Amino acid sequence: MHLKTDELCRVIFTLNGRERSGYAEPRTLLSDFLRHQLGATGTRVGCEHGVCGACTVLVDGRSSRSCLMLAVQAEGKKLQTIESLASADTLNDLQQAFRKHHALQCGFCTAGILMSSTEFLANVPNPTEPQVRDMLSGHLCRCTGYTGIVNAVLEVAEARSHEVSRPSNKQLENNNV
Ligand code: FES
Ligand code: FES
């Protein structure tokens, strides 16, 4: 298929559990499509060439620089952005930990770091501090010095490990405990 650069393509994907669609030029970046076409402005755009990590979103569960992807490459995929983390007015545990540990100041890097941390904790539930710092090496934060971010991620990992090991009320009922 040959497309002129200003020709519009229909793009359909799942965004935060809902099917969304719009029209994009073949050269439109996913970050711009999310923000300008779909109004998902929680995704930030910093360097626009893959260095700062501000634009990180999850694509089929994997953290991806949305400034390095074309919108048309997201066709048929499952995307997750920062808008998916809180439910109604309640921040999720990672967001609350960031607030508690002063893991953000200007907040420009925060959405991207939260999305990378979300994927990281799903894959590495009991990380060491060096592992957290290694994950954060893909993100530039000019404000915090990273210490609060590291502490927040480690605290959530620790808290979640207790949740997993604690039996639910249902399990207790089934076991007649
Ligand atoms: Fe995408 Fe910086 S805006 S990595
Ligand atoms: Fe300002 Fe990270 S909080 S760049």
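The values are calculated or read from the model by the stated rules, or taken from the named source; none is laboratory data. In this text the structure is predicted, and so the values were computed from the model without any measurement. Cβ atoms come from the backbone with ideal geometry, glycine included; neighbour counts cover every protein chain shown.
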Next item on the list: Determine whether S84 is within 16 Å of ligand 1 (Cβ to nearest atom), at pLDDT 95 or above and under 30 Å from R160 (Cβ atoms).
Entry: no
Checklist line | Matching residues, segment 27-58, being without any contact (Cβ under 8 Å) to a residue 24 or more places away in the chain and of a type in the set (K, R) | finding: R35
Next item on the list: Go through the residues of segment 50-71 one by one and say whether even a single one is more than 21 Å from F120 (Cβ to Cβ) and surrounded by fewer than 16 Cβ atoms within 10 Å (Cβ to Cβ).
Entry: no
Next item on the list: Only residues that are in contact with a helix residue (DSSP H, G or I) (Cβ under 7 Å, 6 or more places away or on another chain) and of a type in the set (D, E, K, R): list them for segment 77-95, please.
Entry: D93
Next item on the list: Working only within segment 78-98, note down all residues that are touching a residue at least 12 places away in the same chain (Cβ under 8 Å), over 11 Å from the mean Cα position of the chain (by Cα) and under 19 Å from G39 (Cβ atoms).
Entry: K78
Check: Does at least one position in segment 73-92 carry a residue that is in contact with a strand residue (DSSP E or B) (Cβ under 9 Å, 6 or more places away or on another chain), within 15 Å of ligand 2 (Cβ to nearest atom) and not aliphatic (A, V, I, L, M)?
Finding: no
Next item on the list: Mind listing whichever residues of segment 117-144 are part of a loop (DSSP other than H, G, I, E, B), in contact (Cβ under 8 Å) with a residue 12 or more places away in the chain and within 16 Å of ligand 2 (Cβ to nearest atom)?
Entry: G138, H139, L140, C141, R142, C143, T144
Item checked: Top-ranked residue of segment 99-152 - restricted to ones that are surrounded by fewer than 18 Cβ atoms within 10 Å (Cβ to Cβ) and among the small types (G, A, S), ranked as farthest from the chain's Cα centre (by Cα) -> G145
